[in-house]
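Encoded as structure tokens, the structure appears first; notes follow it.
FYI, it's all coordinate maths here, none of it is from the lab. This structure is a prediction, so every number in the text was calculated from the model and none was measured. We place every Cβ from the backbone using ideal geometry, glycine too, and count neighbours over all the protein chains shown.
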Amino acid sequence: MMRAGWTAQELLTTFESELQEVALGPGRQGQFDVWVNEQLIWSRKREGGFPELKVLKQRLRDVIAPQRDLGHSDKPSQS
């Protein structure tokens, strides 16, 4: 639940003018799904774990604000 709360805070901060709310619900251990306008953009069960925040922000952006630049979250990782 703490990781979900941190993720929600990060999404609200990044997309403060695009998002109206982020909802968290108790009681479903292990479930972590992210829905936008009835479109599933992340499922922990389907994807095999929690998303990297960068990846989740990119997927969310692609749905709600495709032209938006995410700054450092759009830069490729350096290995």
>> Criterion first (touching a Phe, Trp or Tyr at 6+ places or on another chain (Cβ under 7 Å) and surrounded by 15 or more Cβ atoms within 10 Å (Cβ to Cβ)) does residue 19 satisfy it?
In response: no
>> Out of everything in region 34-49 that is over 10 Å from the mean Cα position of the chain (by Cα) and not in a helix (DSSP H, G or I), what residue ends up being surrounded by the fewest Cβ atoms within 10 Å (Cβ to Cβ)?
In response: 38
> What's the number of the condition residue 31 fails, among (1) touching a strand residue (DSSP E or B) at 6+ places or on another chain (Cβ under 9 Å); (2) surrounded by 15 or more Cβ atoms within 10 Å (Cβ to Cβ)?
Replying inline: (2)
> Out of region 1-12, which residues are in contact (Cβ under 8 Å) with a residue 24 or more places away in the chain and over 22 Å from residue 70 (Cβ atoms)?
Replying inline: 1
> Taking only pairs six or more apart or across chains, which ones have beta-carbon atoms under 7 Å, a first residue in region 43-66 that is hydroxyl-bearing (Ser, Thr, Tyr), and a second residue that is surrounded by 12 or more Cβ atoms within 10 Å (Cβ to Cβ)?
Replying inline: 43/33
> Are there any pairs, at least 6 apart or on different chains, whose C-beta atoms fall under 7 Å, with the first in region 13-41 and within 16 Å of residue 51 (Cα to Cα) and the second part of a loop (DSSP other than H, G, I, E, B) and among the hydrophobic types (A, V, I, L, M, F, W, C), and if so, which?
Replying inline: 32/50
